[in-house]
Amino acid sequence: MNLDLVLRLLLIGILISATWTQVASGLVSAECLKNFLHLTLSMEHLKDKYLSFSAVDQSGIAWELDGALASQCGYTITYSSRNSIMFRASALSCHSHLEKDVFTVTIKIQVSHTSDMKSATTHLKSASCPYGPWSPRELVCETNYMEVSVRRDVPQTEKDIMLNEPEDWILSYPEAKAGEASIWQIVFHQPEEKRALLVSDAWKAGYGLNTTETRILLRVPYNTAQTQLVKAQGVTFSVVRSSTFYKQQWMILMVDTVVACPVDGVNYTNKTIIWTVPKYFQALCAGATGFKDVLVEAGVNLHKLSAEEMASGKYVLSNDLNTITVKIPIGAEGGAYKTSVSSGKHGTKYSISLFLEHQWEDNKWGLTKYTIIKEIETPFEQAELAITNSPNLSARLMNVTVGMFLLDVELMNLTIEGATVTVPEAIQHGYLTYEIQYANGSKIYVIQVSFDAPGIKKEYITDDTREYTLNVTLKFIVLPTSDTFAVPIVAVSAVKEPVLPSARGFCDEKDFHLIITRGNVHQNWLPFISDQHLMPEVAQKYYYSLNDNGTHLTVSVPFLSSLVDYKDIHISGVLASLHLTLKDGITLANKKDFSISCRFPPSELIQCLPNGTVVITAIKLVRLADLDTSLLVLRDKQCKPSLVTKKTATFKFNVNTCGTSRKFNSTSITYENDVLYFKPGNDIPVYQLKFVCVYTIKHSADIQYENKKNLPLSMKPGFGSLSLSLKLFKEKSYSEPYQELEYPVVKYLREALYFEAELLQPADPRLELNLKDCWATNSQNQDSLPQWPILVNGCENSEDSYRTVLHEVNYSHRVKFPQHLKRFEVTVFTFVQGTTLLQMQLYFHCSVVICSTTPLPSDVICQRRCNPGTYRLDRSAEPHPWGRVSSGAVLIRKENMASKGERAD
């Protein structure tokens, strides 16, 4: 890392990840290496702190070092690793004190919590290092500057040079008044020109110049204006050619202060760093001949590597005729990997601080010591990060590890469902992150998230397996460069979860059906309905069915079971509920509840049977919890239920009993009654369920209900059919009718036909059947033509020569209700037209009217007397149910009319 960047990061306040204590001895360690004082600052004591460095001169003045002044004065600051910062001071640095081959450097280090360095803690570190012997010429290539120091000699005065008086010297060279051994000016040699700078101007241009008792020094930062780039054997050198003039006693002396440092020469092949440095670079060796190598050695961090250390670390140092080559395996000991970011991708670079020292002798300089410090950094190499998901199923935790990372990486924030949160904020969302460090200098990050945390996607992939998906992006920062990169994480955990029992239900017209899926929680859970343990052996008692195949439990319960709760009676039906509870087999504690509610058609509660019998089931509603179903009665309180359960009461009675009222209309008879409940000593019912049975000739319909809040319950009509028949009997005694298989019945002239019309249902003695019209057709269609009248308005047809005869009906073992029957006799001659007998099949039809046995005076039709041609049914003051009936076919055949004495009209 170049000095400018390091200093900028340090001085503007880049935060250092470490801890700080006030113990100075633990903060800085010093070491003398080559011609440098080497300080190491431990980051163990620096946590979120800001640093500044100053060089202290002999008078105690502290000169704060920025990047430019450090390069000019011979100081280098590098970020070595996550654990340390390196500070190097040259033996000939600006404010070092050199005495008897010992140089002393004093550095002031300030540490503060804030970037303005207020309230900073100050630490002084002073160290002395021996150095010697000095070579006539010493060249140093540091990472941020080039340095050359040359022995200062006073040559013998030549005989032909005679100095004038001292005043002449002063007048000619006023700059020489500064004192002894002072540099006067420096001349830079470039191809196109020479440029001379006085000392003050050279300092302003960034050059460092200094003298000691024995040496002249020039220090050149790499970015100064007079540097040139020159190629030698494929390696680029940064070169400054200069001559330095200095005053020595009364002489102006000049030394060659040329300096050159390689700026490249590093290649990477097969995981190996190859550093090549040409020998005897022409710019450094101009005018010299007869080169001889004295010393070639290399090392790491200014520590010389022995032959054994090189062999164990697989370092190679080769000294050829023209080049010196150092080969280092990438990853070798002494270097370090650091995290790097390229195009947002995470990767690493390997860096190592090498040094090479080459000493040679020539006929110009004698011994030259050439020291090169080379900070080498390999190219970016993307590093794949392993993401491992190890869920803790028992704790229901996602457990994801991400890594490996180097120690210079820190987690900044997390992005969850598009929202970016800090690490502490993530904990509040249920996302716990922590790091685990390893002895090899690496670490991983661990994310622990509950399956139920926000942002975790949940999806069933099978009935009992659920997939949990963590989708989060982690953002990291690299110290001290502040580069960032993101790592998206998608971790999936498929969990075979405990699946509790579930249920689905449906209803048909009569039953509840509940199907319970047991799930995969294998516990002894018992099914209960209304505190009744459902068991196959008692299923018949409560009229339910129970089937268990190991995975599913199926329960079917009748709508009118005592296990059912009834909530409401409405015109749309009866709202009923079935509640099933699974209880622990040992403690009987409730574990799971299921419920189903349905509306059932009311036909299950009332039946209007054709024989006049009514079966009505009254139900106890949930809101009437204290109602005793055994105390329910009809209007006639003597009529009590024939069957009672905890929640229902069933009555069975005839329509002409129990206080049932009756009402007629044009097509039906309506019967009404009430189911009542009285509290003891109270004549006002607290429960009233009204029901209606309607018997109609023309049609039948379903039962309907209506329940109005705060009003007595009302059950709308249930419907039955008025059953009628018209039968043909074999003789006048009306004892034996023709059976269905005997039709068509064959009849001849002079024979009589004996018909009987009957109200079969309902068997209500208060009802009477009356004949209105009867007629015959030659088709089954009652309205087909021609028609032959037999009875008109209940009387014989006056236009027929052979009148129909009405017969009285009396009580007998077959006839329980004579008023339900009408009998009449028809002669076959009725169907002779002129002298021609119809040779055909005839069908007989009658229209009937249902009347009350006690008709009103205004009810003309039901007065039970013949009213020929006077009244029509639709003119009666009272509406009555009426209908039509037909007999089977009668086949009339010819006979020898003469031999039989046939009479023809």
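Going by the structure shown, is Lys458 free of Cβ contacts under 8 Å to residues at least 12 places away in the same chain and either surrounded by 15 or more Cβ atoms within 10 Å (Cβ to Cβ) or assigned to a strand (DSSP E or B) (or both)? Against the criterion (free of Cβ contacts under 8 Å to residues at least 12 places away in the same chain and either surrounded by 15 or more Cβ atoms within 10 Å (Cβ to Cβ) or assigned to a strand (DSSP E or B) (or both)), Lys458 qualifies.
So, of the residues in the range 770-780 that are under 12 Å from Gly888 (Cα atoms) and out of contact with any helix residue (DSSP H, G or I) (no Cβ under 8 Å at 6 or more places or on another chain), which turns out to be surrounded by the fewest Cβ atoms within 10 Å (Cβ to Cβ)? Among residues in the range 770-780 that are under 12 Å from Gly888 (Cα atoms) and out of contact with any helix residue (DSSP H, G or I) (no Cβ under 8 Å at 6 or more places or on another chain), the one surrounded by the fewest Cβ atoms within 10 Å (Cβ to Cβ) is Gln780.
Of the residues making up the range 640-669, those that are modelled with pLDDT of 90 or more, within 28 Å of Lys567 (Cα to Cα), part of a loop (DSSP other than H, G, I, E, B) and open to solvent by 20 Å² or more (accessible area, probe 1.4 Å) are Lys640, Pro641, Ser642.
For the range 304-333, filtered to residues that are assigned to a strand (DSSP E or B) and open to solvent by less than 40 Å² (accessible area, probe 1.4 Å), the residue that is farthest from Trp360 (Cα to Cα) is Pro329. Is there a residue in the range 588-609 that is in contact with a Lys or Arg (Cβ under 7 Å, 6 or more places away or on another chain), open to solvent by 40 Å² or more (accessible area, probe 1.4 Å) and small (Gly, Ala, Ser)? Yes, the range 588-609 contains a residue that is in contact with a Lys or Arg (Cβ under 7 Å, 6 or more places away or on another chain), open to solvent by 40 Å² or more (accessible area, probe 1.4 Å) and small (Gly, Ala, Ser). Any residue at all in the range 280-299 that's part of a strand (DSSP E or B) and under 26 Å from Val199 (Cα atoms)? No, there is no match, as no residue in the range 280-299 is part of a strand (DSSP E or B) and under 26 Å from Val199 (Cα atoms).
Across the range 222-237, which residue is farthest from Asn267 (Cα to Cα) among those that are in a loop (DSSP other than H, G, I, E, B) and out of contact with any Lys or Arg (no Cβ under 8 Å at 6 or more places or on another chain)?
Let us first name the residues in the range 222-237 that are in a loop (DSSP other than H, G, I, E, B), namely 222-227, 233-234.
Still in the list and also out of contact with any Lys or Arg (no Cβ under 8 Å at 6 or more places or on another chain): 222-225, 227, 233-234.
On the way: Tyr222: 22, Asn223: 24, Thr224: 27, Ala225: 28, Thr227: 24, Gln233: 14, Gly234: 12 Å.
Step by step, filter the range 222-237, then rank; the result is Ala225.
Keeping to the range 227-262, report how many residues are at positive phi and at pLDDT 90 or above. Reasoning before the result, please.
Filtering the range 227-262 for residues at positive phi gives 233-234, 249.
So of that shortlist, the ones also at pLDDT 90 or above come out as 233-234.
Of the residues in that region, 2 qualify.
Val644 - would you say it is over 20 Å from Trp882 (Cα atoms) and of a type outside the set (D, E, K, R)? Yes: the conditions hold for Val644.
Test Ile387 against the criterion of being touching an Asp or Glu at 6+ places or on another chain (Cβ under 8 Å) and touching a residue at least 24 places away in the same chain (Cβ under 8 Å), and give yes or no. No. Taking strands (runs of 3 or more DSSP E) as the structural unit, those lying wholly within the range 771-870 and holding at least 2 residues that are of a type in the set (D, E, K, R) and modelled with pLDDT of 85 or more correspond to 821-827. When Leu713, Leu632 are checked against the criterion of being at pLDDT 85 or above and either open to solvent by less than 20 Å² (accessible area, probe 1.4 Å) or among the charged types (D, E, K, R) (or both), a single residue qualifies: Leu632. Screening Ser149, Ser135 for residues that are open to solvent by less than 70 Å² (accessible area, probe 1.4 Å), modelled with pLDDT of 90 or more, in a loop (DSSP other than H, G, I, E, B) and within 23 Å of Arg88 (Cβ to Cβ) leaves exactly one candidate, Ser135. The residues in the range 258-303 that are open to solvent by 30 Å² or more (accessible area, probe 1.4 Å) and within 60 Å of the chain's Cα centre (by Cα) can be counted, and the count is 13.
Quick one: which strands (runs of 3 or more DSSP E) lie wholly within the range 476-537 and hold at least 1 residues that are at pLDDT below 85, out of contact with any helix residue (DSSP H, G or I) (no Cβ under 8 Å at 6 or more places or on another chain) and charged (D, E, K, R)?
Details: elements: 483-496, 502-507, 511-517, 525-529.
Ranges flagged: 483-496.
Among strands (runs of 3 or more DSSP E) entirely within the range 81-127, having at least 3 residues that are closer than 20 Å to Gly60 by Cβ, touching a residue at least 12 places away in the same chain (Cβ under 8 Å) and of a type outside the set (Ser, Thr, Tyr) singles out 102-112.
The values are calculated or read from the model by the stated rules, or taken from the named source; none is laboratory data. All values reported here derive from a predicted model rather than from experimental measurement. Using ideal geometry, Cβ is built from the backbone for each residue, glycine included, and neighbour counts are taken over all protein chains shown. All accessible areas refer to the heavy atoms of the entire protein, side chains included, with ligands and DNA or RNA removed. Shrake-Rupley method; radii C 1.70, N 1.55, O 1.52, S 1.80 Å.
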